[in-house]
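Report on the following structure.
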Amino acid sequence: MAVLGVTLLGSAAAFYFIAPIFVREPRFSGYPTLGYMPTRTPKAPTQTPLPTEVVTDTATPTSQASSLDFSPSALLAGGDFYPIAHSGSGEAAIYKADENEWVLVLRDFEVEDGPDLHVYLAVQDPVPNQEGSPLPEAVDLGALKQITGDQRYDLPQGIQLEDYRSVVIWCVPYNVPFIAAPLY
């Protein structure tokens, strides 16, 4: 009986040491993929400081800051952004720029990044989290210029401002409202 035990133990030990010579394990090359598919819009390029302007009698300043500065008396409507499906913050305000010309200004703005984000004017407030279905009767003001910072959007001529109750940052491919701001 002892001979049988020694034989089995010896055979097991021999197999343990000799088997790696004859057994090859396949190399793991990773999981199959469909390639790189970006799901987020790229971040806005970093702003370089504007060159210093020397204002003379004939020159007029053309900095972006002046295009966002409006008199408080020109304010028509505005409110602070609130989260819907994603986080964000800032203020949306509509100003009267000229006769029959209105401008939407986003100040201290920040939103979570996403694919193909647009700025919409919506008829409802609060905006429901209706992922997957289009926003009814909304006006698309164009693609979001950047995910952080102050920005300006011209409103289309002939729009009836009293019909719209909120500004919405909308993900076009997935029909998802990211954040919204009421227009009081």
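Could you tell me whether residue 144 is touching a Leu at 6+ places or on another chain (Cβ under 8 Å) and touching a residue at least 12 places away in the same chain (Cβ under 8 Å)? Taking the combined requirement at face value, the residue satisfies it. Those strands (runs of 3 or more DSSP E) of segment 66-128 in which at least 1 residues are closer than 13 Å to residue 169 by Cα and among the β-branched types (Val, Ile, Thr), considering only elements entirely within it, cover 101-111, 117-122.
In this structure, does residue 137 turn out to be within 18 Å of residue 183 (Cα to Cα), loosely packed, with under 14 Cβ neighbours inside 10 Å and over 14 Å from the mean Cα position of the chain (by Cα)? It is true that residue 137 is within 18 Å of residue 183 (Cα to Cα), loosely packed, with under 14 Cβ neighbours inside 10 Å and over 14 Å from the mean Cα position of the chain (by Cα). Only one of the listed residues (157, 130) is open to solvent by 20 Å² or more (accessible area, probe 1.4 Å) and over 17 Å from residue 87 (Cα atoms). That residue is 157.
The values are calculated or read from the model by the stated rules, or taken from the named source; none is laboratory data. Bear in mind the structure is a predicted one, so any value in this text is a computation, not a measurement. Using ideal geometry, Cβ is built from the backbone for each residue, glycine included, and neighbour counts are taken over all protein chains shown. With ligands, DNA and RNA removed, areas are computed over all heavy atoms of the protein, side chains included. Shrake-Rupley method; radii C 1.70, N 1.55, O 1.52, S 1.80 Å.
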